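This report concerns only the one structure given below.
The values are calculated or read from the model by the stated rules, or taken from the named source; none is laboratory data. Given the structure is predicted, the values throughout are model-derived calculations rather than measurements. Every residue, glycine among them, receives a Cβ derived from its backbone with ideal geometry; neighbour counts consider all protein chains shown.
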Amino acid sequence: MKAKSIKGKSTAEIKTALAESMADGFKPTLAIVFLSVAQDRNAICRLLDEAGIAVFGSTTNGEFIDEETESGAAAILLLDMKKEHFRIHTAKFQNNNYRETSTSIALKAKEDFEKVAFLLAVSNAATDGEEVLLGLQEIAGEEVNAFGGAAGDDLSFDKTFVFTNDWESDHGMVCIAIDEEKVLVAGIATCGWKAMGTEKTVTKSKGNHVFTIDNEPALDVTTKYGGLENITPDNKDLLLELATNFPLQLQRKKGDPVMRPGLVVDWSDHSFYTSGTVPQGSKVRFSLPPDWDVMEKVVEGVQNLKETEMPEADALVVFSCGGRLLSFGPMMNAEIEGVNKVWNVPMAGMFSYAELGRMAGGNLEMHNLTTCCVALKEK
């Protein structure tokens with residue numbers, strides 16, 4: 001499989017880059033499109049559709065095809081994967097039926113492929129990605145390869161979108177079902193954030209809605225820990241502070257802890273929604289501010305993936321949390337460059353609101369403040 005990465009800050013720039021990429025006879029069948037909500041995604045989708053290219057798309061909090069991160073732009077990974085080796089599925093969530101929706105998609109995918117892997121993206125910050133993953137596992141098996149992220153909106157916490165050629169949704173999912181008998185898929189989610197303080201107990205929760213921690217409103221406990229002030233709906237910076245600097249770490253019996261920052265606040269009771277399930281009775285800890293070791297751990301995890309599972313790759317897809325970009329600033333380029341050098345193949349990545357994947361030795365889960373890297377190689 002041949003792959004090429006292109007980027008641009010307008011539809012015209014993407015049109016030019018696409019034409020240049022195909023000038024040597026390259027005929028892509030699939031485009032993984034990561035773009036800002038400020039871009040004209042309908043126009044870009046039409047452009048790709050007219051070229052006969054299937055689209056898997058998500059809006060972002062920033063995007064990249066190399067170590068230079070962009071904002072307000074579009075980053076696209078073009079693949080000439082054989083059409084019979086993949087299918088794109090879409091669905092809108094109705095009444096928060098996350099698991100039922102992904103189960104339905106997995107059933108369709110299994111009709112086409114005996115062994116199936118998924119690349120997926122979900123929209124709406126309150127979506128319970130954990131339930132989406134459980135639905136896929138229910139049909140495709142416990143060890144299914146499923147990786148992806150939650151769409152962004154340039155960190156405005158307003159409205160996010162997933163899309164394909166002629167469809168989009170601000171509360172739905174899009175996924176590429178891949179025939180793993182024909183295309184190798186290997187990925188890893190790595191965080192590196194360090195915990196501090198004593199364990200606390202989630203005393204009331206339902207799914208990804210956390211009401212109380214140690215019998216106090218979840219928002220109050222978190223903001224008190226962080227020393228935050230101006231705890232009102234008018235403080236537009238509060239969610240960014242919560243998500244990037246004071247995430248909960250959900251402790252696991254198996255594998256590394258999973259990050260669970262508050263993303264949507266219910267001001268009526270000072271509870272909040274996270275990107276994945278936080279079971280009632282579970283143990284959580286808060287986090288230390290990140291340092292350079294966090295990025296080094298990500299690169300080491302990807303290098304280990306190459307050495308143990310995927311010695312060669314055709315292309316790389318990266319879902320990295322927007323919170324990492326806010327925390328690291330320009331240093332984030334070093335992490336992306338390090339990841340890119342592992343295989344040195346065409347890459348496209350996005351900064352997301354949450355990440356989907358499996359940490360080393362862990363379960364398939366939804367993460368935050370994490371980098372999820374997925375390598376692809378057609379047999």
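The table below lists the values:
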{"read-out": "Test: Asn340 is in contact (Cβ under 8 Å) with a residue 60 or more places away in the chain, assigned by TED's automatic domain parsing to the domain that holds Glu138, surrounded by fewer than 18 Cβ atoms within 10 Å (Cβ to Cβ) and at negative phi", "value": "no"}
{"read-out": "Test for Val258: is it β-branched (Val, Ile, Thr), more than 27 Å from Ser320 (Cβ to Cβ), touching a strand residue (DSSP E or B) at 6+ places or on another chain (Cβ under 6 Å) and not assigned by TED's automatic domain parsing to the domain that holds Ala43", "value": "no"}
{"read-out": "Leading residue by the ranking (nearest to Ala140 (Cα to Cα)) among those in region 167-209 that are assigned to a loop (DSSP other than H, G, I, E, B) and at pLDDT 95 or above", "value": "Glu180"}
{"read-out": "Helices (runs of 4 or more DSSP H) completely within region 273-379 that count 1 or more residues being closer than 25 Å to Gly141 by Cα and under 20 Å from the mean Cα position of the chain (by Cα)", "value": "292-308"}
{"read-out": "Search result, residues across region 70-118 that are β-branched (Val, Ile, Thr), out of contact with any Ser or Thr (no Cβ under 6 Å at 6 or more places or on another chain) and part of a strand (DSSP E or B)", "value": "Ile76, Val116"}
{"read-out": "Residue in region 150-159 that is in a helix (DSSP H, G or I) and surrounded by fewer than 17 Cβ atoms within 10 Å (Cβ to Cβ) present", "value": "no"}
{"read-out": "Residue, surrounded by the most Cβ atoms within 10 Å (Cβ to Cβ), within region 343-373, restricted to residues that are of a type in the set (S, T, N, Q) and closer than 18 Å to Asn208 by Cβ", "value": "Ser352"}
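Listed here are the residues, each with its yes/no results for (1) in the same structural domain as Asn97 (by TED's automatic domain parsing); (2) surrounded by 15 or more Cβ atoms within 10 Å (Cβ to Cβ); (3) of a type outside the set (Lys, Arg).
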residue	(1), (2), (3)
Met196	no, no, yes
Lys206	no, no, no
His209	no, yes, yes
Asp214	no, no, yes
Leu219	no, yes, yes
Thr222	no, yes, yes
Glu229	no, no, yes
Asp234	no, no, yes
